[in-house]
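Notes follow the structure.
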Amino acid sequence: MPQPKDLDPYADARSFYGSELRRLREAAGMSQSDLGDRAFCSGTYIGLFEMAERRPQDDMSRIFDELLGSGKHLQRLCRLARKSKVAGYFADAAELEKRARSIEEYAPMLIPGVLQTRACATALTRGTMRRASDEEVERTVSARMERAQLFSCENGPDFWAIIHEAALRVPIGGLRAVRDQLAHLVETARAHPHAIFPSPPASVLS
């Protein structure tokens, strides 16, 4: 079971959440296992929150507040700790990507975000966020580009992607952007052995 480590509670919102959960748990005289048993999860799971290694969850924060008699303290901290550079619907998955050993994806219509070029990501973002400012678009695109760093990690996960030919032919961002995107897929597969997906057929590249 993970043992609580000394965190700087002011390093970031997640660390503050973890330190507060640990403080409240210890004040209630509970071990990680005790709290886990009452919250219907494992003590290891509690430890991941306290070590700031797992993103706080809304439902679990509510349960912790009820069990520890802390009002809505942890629920409020959870809202701060859950802020993310990526879209809210994908934030939890983005966190798990960093810890995954293997990622498998099927893409029937669009190139997976982690494999997109900046031009492709920008065109998609502008198309789906019509009212977004240039700054909002740039933040979204930059966050997507950061995710691609998992291919550069020495111990990065194996990435398996089945990309339907339809996704390769969607004209996003214009002909030049499409050609650059297809070339990027080929280059990624060649440069990173743990990134495995079908290369674009010659008919698409021509």
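The values are calculated or read from the model by the stated rules, or taken from the named source; none is laboratory data. Please read these numbers as outputs of a predicted model, since none were measured by experiment. When we count neighbours, we look across all protein chains shown, and the Cβ atoms used for this are built from the backbone with ideal geometry, even at glycine. Note: accessible area is taken over every heavy atom of the protein model, side chains too, but ligands, DNA and RNA are not part of it. Shrake-Rupley method; radii C 1.70, N 1.55, O 1.52, S 1.80 Å.
Close contacts from the stretch 45-69, counting a first residue that is at positive phi and a second that is surrounded by fewer than 22 Cβ atoms within 10 Å (Cβ to Cβ), with Cβ to Cβ under 7 Å and a gap of 6+ residues or different chains, come to 52/7; 52/15. Is it the case that the stretch 138-147 has a residue that's polar (S, T, N, Q), under 27 Å from residue 13 (Cβ atoms) and at pLDDT 85 or above? There is at least one residue in the stretch 138-147 that is polar (S, T, N, Q), under 27 Å from residue 13 (Cβ atoms) and at pLDDT 85 or above.
Working carefully through the options 144, 169, 130, find the one that is open to solvent by 40 Å² or more (accessible area, probe 1.4 Å) and either without any contact (Cβ under 8 Å) to a residue 24 or more places away in the chain or touching a Phe, Trp or Tyr at 6+ places or on another chain (Cβ under 8 Å) (or both). Result: 130 is the single residue among 144, 169, 130 that is open to solvent by 40 Å² or more (accessible area, probe 1.4 Å) and either without any contact (Cβ under 8 Å) to a residue 24 or more places away in the chain or touching a Phe, Trp or Tyr at 6+ places or on another chain (Cβ under 8 Å) (or both).
When residue 25 is tested against (1) open to solvent by less than 40 Å² (accessible area, probe 1.4 Å); (2) farther than 26 Å from residue 146 by Cα; (3) out of contact with any Leu (no Cβ under 7 Å at 6 or more places or on another chain), only condition (3) is not met.
Within the stretch 48-63, being of a type in the set (Lys, Arg) and either within 14 Å of residue 83 (Cβ to Cβ) or assigned to a helix (DSSP H, G or I) (or both) holds for 55, 62.
Could you list, in sequence order, the residues of the stretch 2-22 that are open to solvent by 70 Å² or more (accessible area, probe 1.4 Å) and either within 24 Å of the chain's Cα centre (by Cα) or in contact (Cβ under 8 Å) with a residue 12 or more places away in the chain (or both)? Across the stretch 2-22, the qualifying residues are 3, 5, 8, 10, 12.
Based on this model, can you work out whether residue 139 counts as under 30 Å from residue 83 (Cα atoms) and basic (Lys, Arg)? Yes; evaluated as a whole, the condition is true for this residue. Just so you know, in the stretch 25-47 the residues that are of a type in the set (A, V, I, L, M, F, W, C) and more than 26 Å from the chain's Cα centre (by Cα) include one that is nearest to residue 82 (Cα to Cα), and it is 35. Restricting 84, 70 to residues that are more than 19 Å from the chain's Cα centre (by Cα), closer than 19 Å to residue 14 by Cβ and either buried (at least 19 other Cβ atoms within 10 Å of the Cβ) or at pLDDT below 90 (or both) narrows the list to 70. The set of residues in the stretch 113-127 that are open to solvent by less than 30 Å² (accessible area, probe 1.4 Å), in a helix (DSSP H, G or I), in contact with a Leu (Cβ under 8 Å, 6 or more places away or on another chain) and within 19 Å of residue 179 (Cβ to Cβ) contains only 115. Checking each residue in the stretch 39-54 for being touching a Leu at 6+ places or on another chain (Cβ under 9 Å) and under 16 Å from residue 96 (Cα atoms) picks out 49, 51, 52, 54.
With respect to (1) open to solvent by 80 Å² or more (accessible area, probe 1.4 Å); (2) under 23 Å from residue 55 (Cβ atoms); (3) touching a residue at least 24 places away in the same chain (Cβ under 8 Å), the lone exception for residue 155 is condition (3).
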